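*Asks:* Have a look at the structure that comes next, please.
The values are calculated or read from the model by the stated rules, or taken from the named source; none is laboratory data. For clarity, every value in this text was computed on a predicted model and none was experimentally measured. Every residue, glycine as well, gets a Cβ built from its backbone with ideal geometry; the counts of neighbours run over all protein chains shown. The accessibility values were calculated without ligands, DNA or RNA, using every heavy atom of the protein model including side chains. Shrake-Rupley method; radii C 1.70, N 1.55, O 1.52, S 1.80 Å.
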Amino acid sequence: AESRMIQSMTGYGGSQHAEDSVSYALEVRSVNNRYFKANIKLPESLQYFEAEIDKLLRRTLQRGSVTYVLRMRNSSASAAYEINQEALSRYLEQLDGMTLPGRITPSVDIATLLAMPGVCQAPERDEAEREKAWTILDRLTREALDRLVAMRHTEGQALKDDLLHHAEEVRKLALEIEKRAPGVIEEIDTAQTNVLSMPDPSH
């Protein structure tokens, strides 16, 4: 019967795509782990796909500690974050007239205000945009996983060859021991006989 393919858990796969002023670069790495564990890093605008990606990784890889990193660059106008006017106004109201100890009046620049939680929000995608994004993301992920799995098989074959080499060395040593065993036993018996036949020094 054909021996089962040994597959390493160590591997790497990458994929890239560019379309409509948006570029994607994906890296997937896996290392040895008895169980499946995924660390998924997505751009904020794509984070709602995390659960689907986890399922895809788990179904394909089954075991190993997996790191999934997707980088996206969008140079189109649609990439602009939306400013939450209500949140910004609320921050300004709280800062207005506020005086720190020592009669110091706080000053905040616009960049700091825009970085406050809830002020800038990623643009909402409609259903058609989500489907298009998932089509791209799904294809990128499958391409990267195909490359990672191929590397796992290559690593597994190297591991198999190494194990077979060591097994052959052990087999040779075992045959050598088997061949020499009768002589060694005879030498031990002779040594014991000589010791027993020696005169007792106490007499």
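*Asks:* Quick one: A51 ticks every box in (1) modelled with pLDDT of 80 or more; (2) open to solvent by less than 80 Å² (accessible area, probe 1.4 Å); (3) outside any helix (DSSP H, G or I); (4) over 18 Å from S15 (Cβ atoms) bar one, so which box is it?
*Replies:* With respect to (1) modelled with pLDDT of 80 or more; (2) open to solvent by less than 80 Å² (accessible area, probe 1.4 Å); (3) outside any helix (DSSP H, G or I); (4) over 18 Å from S15 (Cβ atoms), A51 is out only on (3).
*Asks:* Right, here's the next one. Any residue in the range 4-17 that's among the aromatic types (F, W, Y) and modelled with pLDDT of 90 or more: show its pairings with residues that are open to solvent by 20 Å² or more (accessible area, probe 1.4 Å) and not in a loop (DSSP other than H, G, I, E, B) at Cβ separation under 7 Å, as long as the two are six or more apart or on different chains.
*Replies:* Y12/R29; Y12/M151
*Asks:* Let me ask something else. When you look at R58, is it farther than 16 Å from L148 by Cβ and open to solvent by 60 Å² or more (accessible area, probe 1.4 Å), yes or no?
*Replies:* Judged against the criteria, R58 is not a match.
*Asks:* Of everything in the range 18-35, what is open to solvent by less than 30 Å² (accessible area, probe 1.4 Å) and at pLDDT 90 or above? Give them in sequence order.
*Replies:* Y24, L26, V28, S30 - these are the residues of the range 18-35 that are open to solvent by less than 30 Å² (accessible area, probe 1.4 Å) and at pLDDT 90 or above.
*Asks:* Right, another one. Can we say E131 is at pLDDT below 85, under 31 Å from the mean Cα position of the chain (by Cα) and exposed (fewer than 13 other Cβ atoms within 10 Å of the Cβ)?
*Replies:* For E131, the condition - at pLDDT below 85, under 31 Å from the mean Cα position of the chain (by Cα) and exposed (fewer than 13 other Cβ atoms within 10 Å of the Cβ) - is not met.
*Asks:* Check off (1) at pLDDT 70 or above; (2) open to solvent by 70 Å² or more (accessible area, probe 1.4 Å) for L114 and give me the number that stays unchecked.
*Replies:* Tallying (1) at pLDDT 70 or above; (2) open to solvent by 70 Å² or more (accessible area, probe 1.4 Å), L114 fails exactly one: (2).
*Asks:* Out of everything in the range 3-52 that is within 29 Å of N74 (Cβ to Cβ) and of a type in the set (S, T, N, Q), what residue ends up being farthest from the chain's Cα centre (by Cα)?
*Replies:* Selected residue: S21.
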